[in-house]
Amino acid sequence: MVRNGRIITPPMAPVLEGITRDALIQIARYNAIEVIEQPISRDQLYIADEIFVCGTAAEVIAIRELDFRTIGTGKMGPVAHKLQHAYQQAIHGRHPLSAGWLDYVEQPHAVSAN
């Protein structure tokens with residue numbers, strides 16, 4: 001969740017330790033967005049400025065509503081948007097953090113059948 005420009009995420013115990021989560025935390029910190037790991041209650045989610053989830057296939061997805069309650073403006077917020085964009089840049093090798101995350105593989109030249 002995002003509150004007052006800071007990302008608050010549960011500690012590792014209740015969530016899956018994943019590469020996408022770790023990458024987004026690094027991207028957030030690279031962009032001077034404070035990340036706090038602490039338990040989150042349901043009532044904190046109701047008053048969050050933004051909520052987003054992440055995963056390998058989902059990447060970064062904003063949550064617009066929770067229990068029929070609109071979260072923030074009901075649209076993807078600026079922090080989630082910034083992370084989504086930066087994550088896309090990173091996985092395509094166009095972000096400063098990409099160099100430490102990606103291994104480039106040369107494609108062999110096609111051999112002609114002639």
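The numbers here are math on the coordinates, done by the rules we state, and not lab data. Quick caveat: nothing in here was measured; it's all calculated off a predicted structure. Positions of Cβ are generated from backbone atoms using ideal geometry, with glycine treated the same way; all protein chains shown enter the neighbour counts.
Descriptive notes on the structure:
- Dipole magnitude for the range 2-101: computed about the Cα centre from +1 point charges on Lys and Arg Cβ and -1 point charges on Asp and Glu Cβ, it is near 240 debye.
- DSSP beta bridges fully contained in the range 2-101 are about 75 percent antiparallel.
- The range 11-52: C-alpha gyration tensor shape, a/c 1.5 cut-off, then a/b vs b/c: oblate
- Hull volume in cubic angstrom per residue (convex hull over the Cα atoms of the range 46-97): 77
- Pairs of alpha carbons in the chain whose separation is greater than 19 Å (percent): 51
- For the chain, the longest principal axis of the alpha carbon atoms and the long axis of helix 78-91 meet at an angle near 20°.
- Under the Karplus curve 6.51 cos²θ - 1.76 cosθ + 1.60, θ = phi - 60°, whole-Hz ³J(HN,Hα) for the range 54-67, x wherever Gly or Pro sits: 9, x, 4, 7, 6, 6, 10, 10, 6, 9, 8, 8, 9, 6
- Considering only Glu17, Glu59, Glu34, the mean-square fluctuation computed in a Gaussian network model of the chain, springs between alpha carbons under 10 angstrom, is largest for Glu17.
- Structural descriptor for the chain: relative contact order 22 percent, calculated from alpha carbon pairs under 8 angstrom and at least 6 residues apart.
- Per-pair calculated FRET efficiency, R0 = 41 Å: Asp103 and Thr70 via Cβ, rounded to 0.05: 0.45
- Table column - 3J(HN,Hα) (Hz), the range 20-30, Karplus curve with 6.51, -1.76, 1.60, x for Gly and Pro: 5, 4, 4, 4, 5, 5, 5, 5, 4, 5, 4
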